[in-house]
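To start, the structure under review is shown below, and the notes come after it.
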Amino acid sequence: MDKMLIVGGVPLRGTIPINGAKNAALPLMALGLLSDQPLVLDNVPTLADLTTMELLLSEIGSVIKRVGKKVAIYTPSIKSFEAPYDIVRKMRASILVLGPLLARCGRAHVSLPGGCAIGARPVNFHIDGLRALGATIEIENGYICANVPGGKLTGAEYTFPNISVTGAENMILAASLARGETCLKNVAIEPEIGDLLDCLQAMGVQVEGKGTPTVRIQGTESLSGAFHKVMPDRIEAGTYIAAAIITCGEVELENINISLLPTFVDALRNAGATIEPLENDKIYVSMSGKIGPLSIETSPFPGLATDLQAQLMALLSVSSGESVIVENIFENRFMHVCELARMGAQISVSGNRAHVTGVEHLSGTSVMATDLRASTSLVIAGLAARGETIVSRLYHIDRGYESIEKKLSECGAIIKRVREGEAHTASGTNKKIAG
Ligand code: EPU
């Protein structure tokens, strides 16, 4: 298993290109199941989660070809209507094939994802919503066994009891091939859903209400092919903004519009960071001195993304005062706290509330990534810490960040990926790494 070695204390300076968004690319790839014409996606990052989705779609019947950042998905017919446990357990977003399978072939057998490190994460809204469109669904032997009597879903109204991103995406995908109109209420307005709706429109589906909590979709007989560029990854961008600030650096992010990070940017500006939009979808970030403390809480878009909570916590662990972070989306998303504490952070947690007392400095040590975003919070902490930080279980990072060590080292960071047993330090001197 790879590890990341970081020697902290170097201000980041340079330009960081932002990739296409993982969480937009995943539902867009699942959309490829709905059409028998090719869907070509551009700006698709190279990430473990997207490789997992490619594998799943290939098993279902898609022919997938990747050239650079372009991925072509062609699904002339559905060969298997199953998403097996072995794939779903690796990536919860596999649930996104449920809606398309039901819509295209009236049948689906999808493993229940189960809980994960950040919470229980049930899929009851997906199931109830698809039932509203006429599917009969039973849970048997850990699988969602779904059928559509008569073979075709029927448009209906469904109100989400709470905001769910992939829940909304599954319903939108299913409704596109349903008979008649579907009206979805209390729909998540995350930009990735807007990206999916744009692509659906390009494939000939009539959509109303993009960017609002009420979305209407006119189901169609068949979807055409399309070419679509995946939107930028706002979470990757936010991660590098936090990294630039914690190192008192000065960076320019490319291919990202500041409007995708409204609450995050406002909060950091209030705490003393300079974050400004530049022409042509660029963002300028700079910081001198210590970041101020913040009182923040996660919420659905346009609120502060839960996917940036861990990175902000790393940053606030060296702020000039007392911060409070409330996690409102997932019940167990503080796994990084213990690891940050090993680096000297002073954080106490009570329920969904973390109290962070800024310390003078963090100190490098061995830490373990527990989930995707938690892992980058440790990298961010390592960039500022005194001495060497070794982050293990890097497979979490590889699910969502392409070339993170390359992007950071090009901005001056001393950071290096090493294979288990390889004897190197980030600064290049030989040293045996403890297994
Ligand atoms: N929920 C239910 N029932 C459902 C669905 C969700 O109770 O049927 C609850 C969840 O347990 C959670 C809340 O609703 O408490 C929100 O969950 P949501 O369904 O919105 O999460 P998700 O769709 O599974 C996506 C992202 C996550 C991101 C969340 C929140 C993708 C592939 N994943 O997950 O991204 O944290 O929305 O914004 O889009 C990540 O990239 O690291 C990541 C975890």
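Just so it is clear, none of the values below were taken in a lab; they were calculated from the coordinates. Please read these numbers as outputs of a predicted model, since none were measured by experiment. Neighbour counts run over all protein chains shown; Cβ positions are idealised from the backbone, glycine included.
Tabulated data
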| read-out | value |
| --- | --- |
| Degrees separating the helix 165-176 axis from the principal Cα axis of the chain, which is the longest one | 20 degrees |
| For region 48-130: relative contact order, % (alpha-carbon pairs under 8 angstrom, 6 or more apart) | 22 percent |
| Lys185-Thr136 FRET efficiency (beta carbon distance; Förster radius 30 Å; 0.05 resolution) | 0.85 |
| Reach of Lys229 by Cα under 13 Å, taken over aspartates and glutamates that are not fewer than 8 positions away in the same chain | Asp42, Glu192, Asp195, Asp198 |
| Residues Val318, Val187, sorted so that the one with the fewest Cβ neighbours within 10 Å comes first | Val318, Val187 |
| Part-to-part distance (alpha-carbon centres) for region 61-104 and region 287-347, which is given in Å | 35 Å |
| Positive-end residue, the chain charge dipole about Cα centroid, Cβ charges, pick of Leu394, Val97, Ile16 | Leu394 |
| Under-5 Å amide H pairs with Glu331, H placed in peptide plane, nonlocal only | Ala120 |
| Percent of beta bridges antiparallel (DSSP, the chain, rounded to nearest 5) | 70 percent |
| Centroid-to-centroid separation of region 200-248 and region 4-46 [C-alpha atoms, Å] | 12 Å |
| Vicinal HN-Hα couplings computed from phi for region 2-17 (Karplus, 6.51 cos²θ - 1.76 cosθ + 1.60; Hz; Gly/Pro x) | 6, 10, 10, 9, 9, 9, x, x, 9, x, 6, 9, x, 10, 10, x |
| Interchain or long-range residues, amide H under 5 Å from Glu297's placed H | Val326 |
| Residue exposure sequence - Leu312, Leu5 - by fewest surrounding Cβ within 10 Å | Leu5, Leu312 |
| Within region 143-257: Cβ-based charge dipole about Cα centre, in debye rounded to nearest 20 (Lys, Arg +1; Asp, Glu -1) | 560 debye |
| Separation between Cα centres of region 390-421 and region 125-168, rounded to whole Å | 39 Å |
| Among Gly321, Asn124, Val337 the positive-end extreme of the charge dipole of the chain (Cβ point charges) | Val337 |
| Acute angle (nearest 10 degrees) that the helix 48-60 long axis makes with the longest principal axis of the chain, alpha-carbon atoms | 20 degrees |
| For region 14-125, share of DSSP beta bridges that run antiparallel, in % to the nearest 5 | 80 percent |
| About the Cα centre, charge dipole magnitude for region 32-140 (Lys/Arg +1, Asp/Glu -1 at Cβ), debye | 260 debye |
| Region 402-416 - phi-based ³J(HN,Hα) in whole Hz, Karplus 6.51/-1.76/1.60, Gly and Pro as x | 7, 6, 4, 5, 5, 4, 6, 5, 5, 9, x, 5, 9, 8, 8 |
| Student exercise, the chain dipole from Lys, Arg, Asp, Glu Cβ charges, in Debye to nearest 20 | 700 debye |
| Phi to ³J(HN,Hα) by Karplus 6.51 cos²θ - 1.76 cosθ + 1.60 over region 299-308, Hz, x for Gly, Pro | 7, x, 4, x, x, 6, 5, 4, 6, 10 |
| Mean separation of Cα contacts under 8 Å (6+ apart) over length of the chain, as relative contact order % | 21 percent |
| 5 angstrom amide H check on Lys229, placed H, neighbours 5+ away | Asp42 |
| Least to most buried among Lys22, Lys407, Lys210 (fewest other Cβ within 10 Å first) | Lys210, Lys407, Lys22 |
| Most fluctuating residue given options Gly61, Gly382, Gly129, as computed from a GNM of the chain linking Cα atoms under 10 Å | Gly61 |
